[in-house]
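Engineer: Sharing a structure, written as structure tokens. Questions coming.
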There are 4 protein chains.
Amino acid sequence: MSAPKLQTAVVGATGYSGFELACLLYHHPHLRPPVLLQRDSSGDEERFLQDFYPRISGNGSLPLEPFSWTRLAEKGVDLLFLATPHEISREWVPEALRRGLRVVDLSGAWRLKCPQHRQVYRFKDADPDEAAKADSFAVYGLPELHEKDIRDAQLVANPGCYATSIILALAPLVKTSLIALEHGVVCDSKSGVSGAGKEPTSRTHFVEVADNLSAYSVFEHRHTGEIIEQLGLAAPQLTFTPHLLPIPRGILSTIYARLRSPEGARDTEACLRDFYRGKSWVRVFPSTKLPQIQFSLHTNFCDIGACVSPDGERLVLVSCLDNLRKGAAGQAVQNMNLMYGWNEKEGLN
Amino acid sequence: MSAPKLQTAVVGATGYSGFELACLLYHHPHLRPPVLLQRDSSGDEERFLQDFYPRISGNGSLPLEPFSWTRLAEKGVDLLFLATPHEISREWVPEALRRGLRVVDLSGAWRLKCPQHRQVYRFKDADPDEAAKADSFAVYGLPELHEKDIRDAQLVANPGCYATSIILALAPLVKTSLIALEHGVVCDSKSGVSGAGKEPTSRTHFVEVADNLSAYSVFEHRHTGEIIEQLGLAAPQLTFTPHLLPIPRGILSTIYARLRSPEGARDTEACLRDFYRGKSWVRVFPSTKLPQIQFSLHTNFCDIGACVSPDGERLVLVSCLDNLRKGAAGQAVQNMNLMYGWNEKEGLN
Amino acid sequence: MSAPKLQTAVVGATGYSGFELACLLYHHPHLRPPVLLQRDSSGDEERFLQDFYPRISGNGSLPLEPFSWTRLAEKGVDLLFLATPHEISREWVPEALRRGLRVVDLSGAWRLKCPQHRQVYRFKDADPDEAAKADSFAVYGLPELHEKDIRDAQLVANPGCYATSIILALAPLVKTSLIALEHGVVCDSKSGVSGAGKEPTSRTHFVEVADNLSAYSVFEHRHTGEIIEQLGLAAPQLTFTPHLLPIPRGILSTIYARLRSPEGARDTEACLRDFYRGKSWVRVFPSTKLPQIQFSLHTNFCDIGACVSPDGERLVLVSCLDNLRKGAAGQAVQNMNLMYGWNEKEGLN
Amino acid sequence: MSAPKLQTAVVGATGYSGFELACLLYHHPHLRPPVLLQRDSSGDEERFLQDFYPRISGNGSLPLEPFSWTRLAEKGVDLLFLATPHEISREWVPEALRRGLRVVDLSGAWRLKCPQHRQVYRFKDADPDEAAKADSFAVYGLPELHEKDIRDAQLVANPGCYATSIILALAPLVKTSLIALEHGVVCDSKSGVSGAGKEPTSRTHFVEVADNLSAYSVFEHRHTGEIIEQLGLAAPQLTFTPHLLPIPRGILSTIYARLRSPEGARDTEACLRDFYRGKSWVRVFPSTKLPQIQFSLHTNFCDIGACVSPDGERLVLVSCLDNLRKGAAGQAVQNMNLMYGWNEKEGLN
């Protein structure tokens, strides 16, 4: 006899990450169709996810309902996914935890431990004690690094898309001290436009993005704190520059570091392969065949390749992922799989 | 001794067409730098066109000023270009004419003669008599068809981008009765995104446009009336479908018609060549080398090619232009050149 | 006890359609992993599909083997997919049939019944009798029209991508005589670049395609014959113009026809809905929400929408599909599903 | 009385850089129309540049002729532009110099002084002495650094596109010792596809480039030597990674360096402004408004912006240019302007 299926809910399914998540959950073998909730829905008119994404019409009906805690209880929701702005996540998560829900939050609201790093978000917690309590529960949801904690977590803070691509490339080399961190690490990342959200702005206007490339938020991007905390860096050791690519989705991070010793140079690829042996969702590429954004699109893979300079002193890592999958919704499903003891690949192929 | 240079002004230079126009005027040999006026500027802060389009920085300063009739008079403006929404153009043009200005209006406000065609715009003229008077002055600014009237015009209604591509391809064949209009004409047009304007909307969001193509306003597009009027068609003879292309600029119209006689088929290309002999801004391509959007980008050319079916009964025309040049700002400059007796190519190479 | 799984083989898995097909077959629940065969492989070096498409690395090994009839027999192949040039398909299919294989051919080799239409391919059959025999076996593999014949077919000629998008939109209206064919039908189609194949040419060079649109093969495209035969048109009744879009995949066809009577206009959408009721892979969209290329990408759907002119006389159909799915590999799988009595949707979600 | 116009010739005008160059020369006020020569032309058939680039049709005839030294002499060519592969340039330049021609070579044949850096090109000089002599004449054609030498040069080695974007950003800061070179410099560059040349390859196929980004030639790119030589770096101080962007043209380089002192941080922008004061073709942008690729397209500008980290220790430079203008043909014209004592901006607006 098969186990009863889990009831999940998604707030924010009309955004790009939320939509990707709703689709993945809808086809996940261990789940009932997810309850889709809208924050600012009047509820006067019945709406469906198909109205926002006609591509899924003909696959069954995905109704959108106005959000309410009562509704969550009525539907027997056990796991709540928040694909909401961080201000909303910050406000709602303590209440969700109080009500016994498990939560995977896709925003930046609960990712950071260090108060200084958090300043960039300018959180205004109505009840700072409750918020601090929730903070203490939050587990950074990078399964390749925190699998054990995620399994038991009540609150999983799903990592940022840039942060995932950078942390996964660097973590094995930092942990084995192959990299000389005192020389600093440079992360030059390029992202497709879906990473900027669904809201139309002059930054996401087709004419402004096409035939273009631009750097932005130099020395100021919000994912900086995550990377520093997860890799155990000192702030000045990380230089991170994101760029906006004229493509809909995908991230490529080119990462520059110093190797501690020329001998270590030979071990770089081996170190990555060792670290990710048995991990379902990281692929290590040889230096002769570096990852490209296309390879990871519509998959949950983070692809990593490493090149060492002829003098054995410098390392270039190339890390690619789909910002809506491994960078957001796919990783959220992977986290759920761990939280409920399922195979990490379930629902992600 | 050279003639004194003309003073022009542009309202709406921050939009895509207005910007293209301001740049052309700025480099035009017979003009002083254009006065650039903003409708909704508070005037508190000095702004420059460079702030909106950094690509032109380093080419001298292009200040934006709040619009006022007084300012126009002070600056000695003779010719006013309106790159404004049609509601604004409808309101301002009568006043401009009263003040003795010549006007080239880039909106749809003054293009249509037939009240029925105008209905789609829902004009609400405060002073219908004044508006009707201005209407009676308006000349449809397609230089290849109305050169003589444009030379003397006080008010030139610059044609729509789609309309230009379609009318220029069909006019010679309609006028020589090579086409059997009673069978109808199908115009399938495809436009780059700048044609949808600079305002960020869900329609112009990069993620919605990239890797996509969509038809819109089927049987309802506002340019329909222009095409019908200029070609002397009956309404049901024209079927026009615009599409949104994932490119920043450029239009390609594929036009389908019946030839009156198989004998006429041999004359199609010759008819186009005859009609446009001596015209600077239309290029006729052979059927073996049809126009492509790229060929006309950043030029003022409308490129036309014709293919006849093996049975000699059907005609396919391909017509390309840059919607911001021959489809808007370039054509406006071409009109100005005629209005002031200059060479039609001046300032457009 | 479940049925033993079927063994398939694919020749040409390194092309775009062949690759898409290999991936679909690999994940199909009723199949063993497909045997992948290369025509011009020396066999000296072991190669894998991953070498050509790194995106699938980490999903198990997909070896490429040199083609031989012996190898097909050894592996117990029952169903052979040919994603080969039509010359090769024309040569190999008679032999395959002789050997008792069932075949789905993705090329244009076996689609046409009328010798005149076939002329465009310039077939040079070594054994014309054998070829004629195979021709007599061939079933045009459009499941929505020929389901019954496909079920029993030994040779399925998988339709062209353009042809699929056009025939599916028109067939219901032609069959119910809603359309007045004597006025002709205009099909203006736009395709992504994968439709032009994987071979690098000046036509597929990024710089020639990007920021561009071009019409090609006007009055000469090879899919014309398929459309005429399947819809029962007279040759001069079809005008078909393909265009090359700056996107990797997807087709949108805009189709223009005359309605027989204004009364029939009201029935257009109903006619489409009736015809495709119960069909898994066609979605009918309302005129207020026309299909777009994005909606069908990476799915096996053909999406159709219809707009009728205000005078009730003219019809515009918009038809979209993914040229590598419903336009090629997906449709091949759908055909296989019918040939083996499986659910039409199997392996396509 | 105006000076007699100069006669130039271009070998390789059908390539992307050569075409851009031919167009610039054609409109240059001090030149006669350039003689366009093809290396591998049989000469049997008369060909025109319009046949390869229909966009310029209607602008007068640009005949292509088979290359011969006799023809150059007959036409009275004074200045020869080579837009040829470096092997050809290496072979032809000594002969051209012997014949008294001045040469601007757009390939990598004559850019490098250090034999070690040259190894990457594997030159096989038929007459090493002649080649060495030509090497000794060659001036690196970066006008902002070598204006004086260029003025008198008989042979100008036009810089690489990546190299131009990187050298111009770093040179002022290296020369003033604001940067601590001992910590190394990281140059992460992204280029449009025209930089990969006009030859169709799997790398330039639209489907492989679109929706993608890839790094290539890590630690191995040929422009590395130029950058090292021009900036006076030690080889291990430069880490340069080029990437292929899904756009037709344009380069953005993001450059990472250490500042020698926090005090110097305040001077970075000032240093750039000082260095480029009075230079026509470099624009320095403030850190609040960084350059983007779009800003420099179809111009000869190299745009540079600088951001300093909050701790004042790290510098990020963003440098943009159009690889076919300032990165190739535009710079070649700028060099010509200096060689003949004309204004540096002539023919480039």
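Engineer: Check A:GLU65, A:GLU91, A:GLU45 and return the single one that is without any contact (Cβ under 8 Å) to a residue 40 or more places away in the chain, farther than 30 Å from A:GLY232 by Cβ and under 22 Å from the mean Cα position of the chain (by Cα). Before the answer, list the steps.
Structural biologist: On the way: A:GLU65 fails: under 22 Å from the mean Cα position of the chain (by Cα); A:GLU45 fails: under 22 Å from the mean Cα position of the chain (by Cα).
Just a single option satisfies the conditions, and that option is A:GLU91.
Engineer: Restricting to segment C:181-203, count the residues that are buried (at least 22 other Cβ atoms within 10 Å of the Cβ) and farther than 20 Å from C:VAL316 by Cα.
Structural biologist: 4
Engineer: Right, here's the next one. Among the listed residues A:SER189, A:SER194, A:SER107, A:SER165, identify the single one that is within 14 Å of chain B (Cβ to nearest Cβ), in contact with a helix residue (DSSP H, G or I) (Cβ under 8 Å, 6 or more places away or on another chain) and among the hydroxyl-bearing types (Ser, Thr, Tyr). First the steps, then the outcome.
Structural biologist: Working: A:SER189 fails: within 14 Å of chain B (Cβ to nearest Cβ); A:SER107 fails: within 14 Å of chain B (Cβ to nearest Cβ); A:SER165 fails: within 14 Å of chain B (Cβ to nearest Cβ).
Among A:SER189, A:SER194, A:SER107, A:SER165, only A:SER194 is within 14 Å of chain B (Cβ to nearest Cβ), in contact with a helix residue (DSSP H, G or I) (Cβ under 8 Å, 6 or more places away or on another chain) and among the hydroxyl-bearing types (Ser, Thr, Tyr).
Engineer: Continuing with this model, one more query. Out of everything in segment D:69-128 that is acidic (Asp, Glu) and surrounded by fewer than 13 Cβ atoms within 10 Å (Cβ to Cβ), what residue ends up being nearest to D:GLY197 (Cα to Cα)?
Structural biologist: D:ASP127
Engineer: Applying the selection to segment B:1-42, what residues are among the aliphatic types (A, V, I, L, M) and free of Cβ contacts under 8 Å to residues at least 12 places away in the same chain?
Structural biologist: The answer is B:MET1, and nothing else.
Engineer: With the structure loaded, tell me whether D:GLN230 is farther than 22 Å from A:ASP188 by Cα, in contact with a strand residue (DSSP E or B) (Cβ under 7 Å, 6 or more places away or on another chain) and either in contact (Cβ under 8 Å) with a residue 12 or more places away in the chain or not assigned by TED's automatic domain parsing to the domain that holds D:LEU21 (or both) or whether it fails that test.
Structural biologist: It is true that D:GLN230 is farther than 22 Å from A:ASP188 by Cα, in contact with a strand residue (DSSP E or B) (Cβ under 7 Å, 6 or more places away or on another chain) and either in contact (Cβ under 8 Å) with a residue 12 or more places away in the chain or not assigned by TED's automatic domain parsing to the domain that holds D:LEU21 (or both).
Engineer: Hey, another quick one. For the condition surrounded by fewer than 23 Cβ atoms within 10 Å (Cβ to Cβ) and not assigned by TED's automatic domain parsing to the domain that holds C:ALA109, what is the one hit in C:ARG249, C:ARG222?
Structural biologist: Criteria check complete, one pass: C:ARG222.
Engineer: Restricting attention to segment D:262-299, which residues are within 21 Å of the chain's Cα centre (by Cα), surrounded by fewer than 19 Cβ atoms within 10 Å (Cβ to Cβ) and within 11 Å of chain A (Cβ to nearest Cβ)?
Structural biologist: Across segment D:262-299, the qualifying residue is only D:HIS298.
Engineer: Can we say C:LEU64 is among the aliphatic types (A, V, I, L, M), away from every other protein chain (no Cβ under 14 Å) and outside any helix (DSSP H, G or I)?
Structural biologist: The answer is yes for C:LEU64.
Engineer: While we're here: Hey, among the residues in segment D:320-342 that are crowded, with 24+ Cβ neighbours inside 10 Å and within 13 Å of D:LEU31 (Cα to Cα), which one's nearest to the chain's Cα centre (by Cα)?
Structural biologist: Among those that are crowded, with 24+ Cβ neighbours inside 10 Å and within 13 Å of D:LEU31 (Cα to Cα), it is D:VAL333.
Engineer: Of the conditions (1) more than 9 Å from every other protein chain (Cβ to nearest Cβ); (2) of a type in the set (Ser, Thr, Tyr); (3) within 30 Å of B:GLU220 (Cβ to Cβ); (4) surrounded by fewer than 24 Cβ atoms within 10 Å (Cβ to Cβ), B:TYR256 fails just one. Which one is it?
Structural biologist: Of the numbered conditions (1) more than 9 Å from every other protein chain (Cβ to nearest Cβ); (2) of a type in the set (Ser, Thr, Tyr); (3) within 30 Å of B:GLU220 (Cβ to Cβ); (4) surrounded by fewer than 24 Cβ atoms within 10 Å (Cβ to Cβ), the odd one out for B:TYR256 is (1).
Engineer: When you look at A:GLN331, is it among the polar types (S, T, N, Q) and away from chain D (no Cβ under 14 Å), yes or no?
Structural biologist: yes
Engineer: Restricting to segment B:222-252, name every residue that is over 24 Å from B:THR299 (Cβ atoms) and within 12 Å of chain C (Cβ to nearest Cβ).
Structural biologist: B:THR224, B:ALA234, B:ALA235, B:PRO236, B:GLN237, B:LEU238, B:THR239, B:PHE240, B:THR241
Rundown of residues vs (1) in contact with a strand residue (DSSP E or B) (Cβ under 6 Å, 6 or more places away or on another chain); (2) buried (at least 19 other Cβ atoms within 10 Å of the Cβ); (3) away from chain B (no Cβ under 14 Å); (4) closer than 19 Å to B:PRO291 by Cα, yes/no style:
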site: D:VAL10; (1), (2), (3), (4): yes, yes, yes, no
site: D:GLY15; (1), (2), (3), (4): no, yes, yes, no
site: D:HIS27; (1), (2), (3), (4): no, no, no, no
site: D:PRO33; (1), (2), (3), (4): no, no, yes, no
site: D:LEU36; (1), (2), (3), (4): yes, yes, yes, no
site: D:ARG39; (1), (2), (3), (4): no, no, yes, no
site: D:GLU45; (1), (2), (3), (4): no, no, yes, no
site: D:ASN59; (1), (2), (3), (4): no, no, no, yes
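Engineer: Could you grab me the full set of residues in segment A:300-328 that are free of Cβ contacts under 8 Å to residues at least 40 places away in the same chain, closer than 30 Å to D:HIS183 by Cα and more than 10 Å from chain D (Cβ to nearest Cβ)?
Structural biologist: Of everything in segment A:300-328, just one residue is free of Cβ contacts under 8 Å to residues at least 40 places away in the same chain, closer than 30 Å to D:HIS183 by Cα and more than 10 Å from chain D (Cβ to nearest Cβ), namely A:ASP303.
Engineer: Condition first: modelled with pLDDT of 95 or more and among the acidic types (Asp, Glu). Now tell me which residues in segment D:100-128 satisfy that.
Structural biologist: D:ASP105
Engineer: Suppose we filter segment C:209-233 for residues that are of a type in the set (S, T, N, Q), out of contact with any Phe, Trp or Tyr (no Cβ under 6 Å at 6 or more places or on another chain) and under 22 Å from C:HIS146 (Cβ atoms); how many remain? First the steps, then the outcome.
Structural biologist: Of segment C:209-233, the ones of a type in the set (S, T, N, Q) are C:212, C:214, C:217, C:224, C:230.
So of that shortlist, the ones also out of contact with any Phe, Trp or Tyr (no Cβ under 6 Å at 6 or more places or on another chain) come out as C:212, C:214, C:217, C:230.
Right, trim to under 22 Å from C:HIS146 (Cβ atoms) and you get C:230.
Count: 1.
Engineer: Residue under question is B:THR84, and the condition is that it be in contact (Cβ under 8 Å) with a residue 60 or more places away in the chain, not assigned by TED's automatic domain parsing to the domain that holds B:TYR256 and not hydrophobic (A, V, I, L, M, F, W, C); does it hold?
Structural biologist: Working: in contact (Cβ under 8 Å) with a residue 60 or more places away in the chain: yes; not assigned by TED's automatic domain parsing to the domain that holds B:TYR256: yes; not hydrophobic (A, V, I, L, M, F, W, C): yes.
For B:THR84, the condition - in contact (Cβ under 8 Å) with a residue 60 or more places away in the chain, not assigned by TED's automatic domain parsing to the domain that holds B:TYR256 and not hydrophobic (A, V, I, L, M, F, W, C) - is met.
Engineer: Residue under question is C:LEU80, and the condition is that it be outside any helix (DSSP H, G or I) and among the aliphatic types (A, V, I, L, M); does it hold?
Structural biologist: Yes, satisfied.
Engineer: Any residue at all in segment C:216-231 that's over 23 Å from C:LEU321 (Cα atoms) and more than 16 Å from the chain's Cα centre (by Cα)? Let's see the steps before the verdict.
Structural biologist: The initial filter retains those residues of segment C:216-231 that are over 23 Å from C:LEU321 (Cα atoms), namely none.
No, because not a single residue in segment C:216-231 is over 23 Å from C:LEU321 (Cα atoms) and more than 16 Å from the chain's Cα centre (by Cα).
Engineer: Tell me yes or no: at least one residue of segment C:211-231 is at pLDDT 95 or above, out of contact with any His (no Cβ under 7 Å at 6 or more places or on another chain) and over 29 Å from C:SER89 (Cα atoms).
Structural biologist: yes
The values are calculated or read from the model by the stated rules, or taken from the named source; none is laboratory data. Model, not experiment: these values are computed from the prediction. Cβ: placed from backbone, ideal geometry, glycine included. Neighbour counts: every protein chain shown.
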